[in-house]
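Input: a single structure, listed below in structure tokens.
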Amino acid sequence: MKPNVRLTALLLLVSLSTLTVLSGLTATARAEGEQLPYVEANEEGMHVQPWFRSTFLDLTEDMAEAKSEGKQLAIIWEQKGCPYCREMHRVNLRIPDAVDYIKKHFFVVQLNLWGDREVVDVDGEQTTEKKLGRKYRVQFTPTIQFFDKEPNKDPRSVEVWRLMGYWKPFHFKHTFVYVAEDGFKTQPNFQRWLQTRAEEYQKQGKEVKLW
């Protein structure tokens, strides 16, 4: 019995099409799997990452604990209804590479710009979140304050760097790199430091997505 050439060709075409679709679905699933789960806002309107530190909000103690872990204290200021805070959680804090780096090098505490929780500042002053925000002149959310690696009781010099507003993923992650590597000590202009780092990556053949 002679094989049906047309039928064989049709079956082969169907098989190839099925494999192509399945391959595409697998690639899509893999790409989606590269993102961490999105953290919805809680009843207070705050997006609280599971790796944010829950402490007694004594900043001197937080700095000491961060140092004991070989890390650095970073405070993320947010507020209810902040679209840029939501974007930071929806985009930047779902990228495994960025989150892994932050968790490895930083002790992150989240504060509410209008919150009433009690906080003890590095100088021993007992205050509230919103009053502390005014003390440090935090005017935008999100704002990330990076504190000195060494315990410091002077509010005027304890902060070594500050990121204000929403920044795209490359800039966002490398702000943490900039602080962890003490880049601000040799190049106080973050944009120039970032451009130099981007050029180094490009020479190494790495893709750089500035925007």
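Across the stretch 186-199, coupling constants 3J(HN,Hα) worked out from phi with the 6.51/-1.76/1.60 Karplus curve, θ = phi - 60°, read 9, 9, x, 8, 4, 4, 5, 4, 5, 5, 4, 5, 4, 5 Hz, and Gly and Pro carry x. In this calculation the C-beta distance from ASP123 to THR55 is compared with R0 = 22 Å, giving a FRET efficiency of 0.80.
Amide H contacts under 5 Å for GLN72: PHE106, PHE107, restricted to partners 5 or more places along the chain or on a different chain, H placed in the peptide plane at 1.01 Å from N. Amide hydrogen proximity for VAL119: with H placed 1.01 Å from N in the peptide plane, the residues at 5 or more positions away or on another chain lying under 5 Å are THR127, THR128, GLU129. When GLU65, GLU78, GLU129 are sorted by how many other C-beta atoms sit within 10 angstrom of their C-beta, beginning with the fewest, the order is GLU65, GLU129, GLU78. The simple spin-label model puts a point 7 Å past each Cα toward its Cβ; for MET164 and LEU210 those points are separated by 2.3 nm. Note on the stretch 71-203: Cα-Cα pairs beyond 20 Å make up 47% of the total pair count. Ranking of TYR38, TYR136 by neighbouring Cβ atoms within 10 Å, starting from the fewest: TYR38, TYR136. Magnitude of the charge dipole for the stretch 59-166, about its Cα centre and with charges confined to Cβ atoms of Lys, Arg (+1) and Asp, Glu (-1), is about 440 debye.
Restriction of the trypsin sites (Lys or Arg not before Pro) in the stretch 150-190 to DSSP coil positions whose beta-carbon has at most 12 other beta-carbons within 10 angstrom yields ARG156.
Considering only beta bridges that DSSP places wholly inside the stretch 59-166, some 65 percent are antiparallel. Phi angles across the stretch 62-74 convert, under the Karplus curve 6.51 cos²θ - 1.76 cosθ + 1.60 with θ = phi - 60°, into 3J(HN,Hα) values of 5, 5, 5, 5, 4, 4, 5, 9, x, 10, 9, 6, 10 Hz, Gly and Pro given as x.
Sorted largest first, the spans of the alpha carbon positions of the stretch 50-140 along the three principal axes are 37, 34, 19 Å. Residue exposure proxy: VAL138, VAL48, ordered by other Cβ atoms within 10 angstrom of their Cβ from fewest to most, comes out as VAL48, VAL138. Computed extension length for VAL48-ARG156: 36.1 nm, one decimal, from 0.36 nm per residue of separation with the Cα-Cα distance subtracted.
Computed from the coordinates by the stated procedures, all read-outs in this text should not be read as laboratory data. Fair warning: this is a prediction, and the values are worked out from it, not measured in the lab. All Cβ positions, even for glycine, are placed from backbone atoms using ideal geometry, and neighbour counts span all protein chains on display.
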